[in-house]
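Okay, structure first, notes after.
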Amino acid sequence: MSICSEWDRINPEEYVGVWAYLEVEDGSLSEAGLQMLGVARLLASQKDTYVGAVLIGRGVSSLAREAIYYGADRVYVADDERFEKYYPTLYGEALAYLAKEYKPEALLVAGTMRGREFTPYVANILKTGITADCTSFEVDSAAKDILGVRPTFGAYLIAHIRTLNRRPAIFTARPNVFPTPQKDLAREGEIIPTNPKVVDAVGVKLLGRSRFGRGAAPIEKAKILVSGGKGLGGKEGFTILEEFAKVIGGEVSGSRKAVDAGWITHDRQVGQTGKAVRADLYFAVGISGAVQHLFGIREVRCVVAINKDPDAPIFDNCDYGLVGDYTEIVPALIKAVKKIKASPQLITNFVNLNINVVNLIKGN
Amino acid sequence: MDIVVCIKWVPNTTTVNIDQKTGTLIRSGVPSVINPHDMHALEMALALRDKFGGSVTAITMAPPSARLGLEHAVGMGCDKAVLVTDMAYAGADTLATSYTLAKAISRLKFDLILVGQETVDSSTAHIGAQLASWLHIPYLYYVVDAKYLGDGKMWVKRMLEDAYEEYELALPALLAAAMHLTKPRRVKLSHKMRCKEEGVIEVWNNKTLGLEVNCVGLKGSPTIVKKTSFVAEVPRKKIVCQPRDIDQAAEWLISRLVEDGFLKI
Ligand SMILES: Cc1cc2nc3c(=O)[nH]c(=O)nc-3n(C[C@H](O)[C@H](O)[C@H](O)COP(=O)(O)OP(=O)(O)OC[C@H]3O[C@@H](n4cnc5c(N)ncnc54)[C@H](O)[C@@H]3O)c2cc1C
């Protein structure tokens, strides 16, 4: 097969093992990176191969053992003062160097903002395929290739993407689309110190960093979320949602339209271009249920929709739905929680009310 | 400062609909627009030029119909535009697309390349990093503010999940503009009239660029779409009620959630 003269020739057969890049956040392994390690473990067992983990940074050696506990068989560590600061070109070069040197067949990187920034650079150095924002993976039964499955065309379609003849096949996935694996202190593995040859980051210098306090807890960790959309009609709508969230021990999040309107910050946006959440319980209030929004709540265990339009798509994608104006329903929910808190024995009566008080329009 | 802005002419995915009967995507009649993220890159480029001088060239690799997008860009005030189009470029993935664009951009004089953060159709956010790699220049994503400092240097502010970062960049460099910037400017008729002038919109094909066929289009693409499918619905209970008595309905719902174990009171 003739290939582009700007690509190195490689022998795909030489590439074995599934790797995950582990991002380090405030001195510990980021949850998003561990989720990639979990995916790598599953793929490696289907392919009967090893799981590699990559650590790049200064002082990261101490985390290698941790990576093994979470599922790595071999941990490649590039611990060097050169990697004290992250620059996309620098980290990109380092990861590409390790991939060239140790030849994994697949490389998974969490699609955090940094991950999305430097991973395509890695792919370009290696002249290999990269598939962004995978929501699942397939191992082709005949060719044994790993395929990345991702939403495309504004998330209306799902594309199953294969990387032909180039290795490693590179994939990113958004944080929280996959679960965080369990830590197993009995696991053993090998730690491999490395020394990537890289060109120092030229022409770019970090001058300063200022954190913006997230204030509230991050939505991806919340067990209960009360989410508001355009239907709230204004920023004030979130005040009622916050009150409701408080009485049930939840956090507040929103749809993209609520974010675009400036009613809530972007770090609290749920959906394809926001965050995927894994809450037990999710209230969608004044949210229509666009496909891109639904992408963020696939892993939610129970979805409750409150919307005044009985035909809103969210009602086809919820467990419980109440049709009506949220300005009446949410205060009623707050009242109900308080009433039940005061006399928990009422629950049995209320549950049985069922069909008598509500006009069931869907379900049974 | 001479700036090149990469834009993509995309189907307006916000108006896509699913045919409820057949469950298929209605693609026909979906109008195209400049990728909304690229509109912010265009605005940033034009604002930088207005303040610090220089020129702005919009470039796209696309079928000929994308000329409309370039006309829009010129209408916003770009000095020049380039349409890179050839049948040989069809079927390109992000590696082959970035390769072709990088080769085309190399023919232009530039200090800065601006791209939108991602596209609304395929949303990969690959092209910026890949262009920087082909062109061997530094780059940063998620840029919310930028200033020219003189002496071939720029000050750049970008936003990550939980922090703002400030950088100094030596030109030439590439930046991806974040979405939440100032409003992109509108088209002015006087600017748009310039599209008729010779040399304002140039069309380059593979005779112009002379690229190896193995490096472009489908042949230069390591990835292929094996198949497409629809988003699988998550199975849900779908118990939807129109309450007669809101208070009672609320009590019923909260009790159900407690019974199901999702809510602890
Ligand atoms: C590439 C791409 C990526 C995207 N990514 C995301 C994403 O990550 N997250 C996201 O959320 N969206 C995303 N979107 C946007 C998405 O397509 C929708 O536009 C958006 O989710 C709609 O937000 P909404 O439901 O709040 O608003 P709308 O669709 O306008 O719905 C408002 C709802 O409120 C109801 N309502 C109105 N008044 C009341 C009331 N008083 N009481 C109760 N209900 C009321 C209405 O019936 C309506 O159903 C993306 C789009 C594209 C093209």
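The values are calculated or read from the model by the stated rules, or taken from the named source; none is laboratory data. Nothing here was measured: the structure is a model prediction, and the numbers come from that model. Note that each Cβ is placed from the backbone with ideal geometry, even for glycine, and that neighbours are counted across all protein chains shown. Note: areas computed on protein heavy atoms with side chains; ligands, DNA, RNA excluded. Shrake-Rupley method; radii C 1.70, N 1.55, O 1.52, S 1.80 Å.
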### Task
Specify the angular offset, from 0 to 90 degrees and rounded to the nearest 10, of the alpha carbon long axis of helix B:67-76 from the longest principal axis of the alpha carbons in chain B.
80
### Message
Compute the helix-to-body angle for B:94-105: its Cα long axis versus the longest principal axis of chain B, expressed 0 to 90° and rounded to tens.
### Response
30
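What number in nm² do you get for the stretch A:1-144 if you take the convex hull of its Cα atoms and divide its surface by four?
Computed as one quarter of the Cα hull surface, the answer is 8.9 nm².
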### Message
Within 10 Å of each Cβ in A:288-301, how many Cβ atoms from other chains are there, averaged over the peptide?
### Response
2
### Message
Suppose we keep just the DSSP beta bridges with both residues in chain A; what percent of those would be antiparallel, to 5?
### Response
20
#### Entry: Size descriptor, Kirkwood hydrodynamic radius, that averages inverse alpha-carbon separations across the stretch A:35-113, Å
13.2
### Task
Would you please give the FRET efficiency between B:ARG185 and A:LEU207, computed as 1/(1 + (r/R0)^6) with r the Cβ-Cβ distance and R0 = 22 Å, to the nearest 0.05?
0.15
### Task
Mind putting together the pair-distance distribution for chain A? All Cα pairs, 10 Å bins, whole percent per bin, short to long.
5, 22, 27, 21, 15, 8, 2, 0
### Query
In the protein assembly as shown, what % of DSSP beta bridges are antiparallel (nearest 5)?
40
## Note on the structure
Pseudo-spin-label distance B:LYS109 to A:ASN352, built 7 Å along Cα→Cβ, given in nm, is 8.6
## Note on the structure
Taking a probe of 1.4 Å and leaving out DNA, RNA and ligands, the stretch A:240-364 shows per residue an accessible area in Å² of 40
### Message
Testing the spin-label approximation: label points 7 Å from Cα along Cα→Cβ at B:CYS195 and B:ALA90. State their distance in nm.
### Response
2.4
#### Entry: Translational diffusion coefficient (Stokes-Einstein; Kirkwood radius from C-alpha pairs) of the stretch B:117-231 at 20 °C, 1.002 mPa s, in µm²/s
119
### Query
Given a cut-off of 14 Å, what percent of all Cα-Cα pairs of the stretch B:214-253 lie beyond it?
71
### Summary
Inter-part gap, Cα centre of the stretch B:34-113 to Cα centre of the stretch A:251-283, in whole angstrom, is 32
### Query
What percentages, rounded to whole numbers, describe P(r) for the stretch B:95-176 computed over all alpha carbon pairs with 5 Å bin width beginning at zero?
3, 15, 25, 24, 18, 11, 3, 0
#### Entry: Cross-link partners of A:LYS100 among lysines (Cα-Cα below 24 Å; sequence separation of 8 or more within a chain)
A:LYS47, A:LYS85, A:LYS127, A:LYS144, A:LYS197, B:LYS219
### Query
Out of A:ALA276, A:GLY262, A:VAL330, whose Cα points farthest toward the positive end of the dipole of the stretch A:245-364 (charges: +1 Lys, Arg; -1 Asp, Glu; placed on Cβ)?
A:VAL330
### Message
For Cα pairs less than 8 Å apart in space and 6+ apart in sequence, what is the mean separation divided by the residue count of chain A, i.e. the relative contact order in percent?
### Response
13
### Spacing of the two label points (7 Å from each Cα toward its C-beta) at B:LYS237 and A:LYS197, in nm
6.3
### Message
Suppose only helical runs count, i.e. DSSP H with n ≥ 4. What mean residue ellipticity at 222 nm does that imply for chain B under -39500 (n - 2.57) per run, divided by all residues and rounded to the nearest 500 deg cm²/dmol?
### Response
-8000 deg cm²/dmol
### Summary
A chain fully extended from A:GLN46 to A:LYS223 at 0.36 nm per residue, minus the present Cα-Cα distance, gains in nm 60.6 nm
### Query
In square nanometres, what is the average projected area of the Cα convex hull of chain B?
20.6
### Query
Calculated from DSSP H runs of 4 or more alone, at -39500 (n - 2.57) each and per residue, what is the 222 nm mean residue ellipticity of chain A, nearest 500?
-8000 deg cm²/dmol
### Query
Where does the protein assembly as shown land on the Kirkwood hydrodynamic radius, alpha-carbon pairs, in angstrom?
25.9
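Pairs of Cα atoms under 8 Å, at least six residues apart: use those to get the relative contact order of the stretch A:86-238, whole percent. Write out the running numbers ahead of the final one.
Details: 182 pairs, mean separation 38.7, N = 153.
Across the stretch A:86-238, relative contact order equals 25 percent.
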## Note on the structure
For chain B, the longest principal axis of the Cα atoms and the Cα long axis of helix B:36-52 enclose an angle in degrees, to the nearest 10, of 40
#### Entry: Binned Cα-Cα distances of the stretch A:144-303, short to long, each 5 Å bin given as a whole percent
2, 7, 13, 15, 14, 12, 11, 12, 7, 4, 2, 0
### Message
Under 10 Å, Cα contacts only: if you run a Gaussian network model on chain A, which one of A:GLY250, A:GLY289, A:GLY233 comes out with the highest mean-square fluctuation?
### Response
A:GLY233
### Where only alpha carbons of the stretch B:56-199 are counted, the Rg and the Dmax (Å)
15.7, 48
### Query
What area, in nm² and to one decimal, does the C-alpha convex hull of the stretch A:244-364 cast on average over all directions?
7.8
### Query
So, in Å, what gap is there between the alpha-carbon centers of the stretch A:1-80 and the stretch A:139-154?
19
### Message
Report the gain in length on full extension from B:TRP155 to B:SER32: 0.36 nm times residue separation, minus Cα-Cα distance, nm rounded to one decimal.
### Response
40.9 nm
### Task
Take the alpha-carbon centre of the stretch B:115-170, take the same for the stretch A:184-225, and report the distance between them in whole Å.
19
### Task
Indicate the gyration tensor shape class of the stretch A:132-190 (rounded, prolate or oblate), computed on the Cα atoms with a ≥ b ≥ c the square roots of the eigenvalues: a/c under 1.5 is rounded; otherwise a/b larger than b/c is prolate and the rest oblate.
oblate
### Query
Remind me, relative contact order of chain B in percent, using alpha carbon pairs under 8 angstrom and six or more residues apart?
23
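Using a 1.4 Å probe over the heavy atoms of the protein chains, calculate the carbon and sulfur portion of the accessible area of the protein assembly as shown as a whole percent.
The C+S portion of the solvent-accessible surface of the protein assembly as shown is 50 percent.
Kindly compute the accessible surface that chains B and A hide from a 1.4 Å probe when together, both sides summed, and give it to the nearest 100 Å².
9500
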### the stretch A:93-193 - Debye-derived log10 I(q)/I(0), Cα point model, q = 0.12, 0.19, 0.23 Å⁻¹
-0.45, -1.05, -1.30
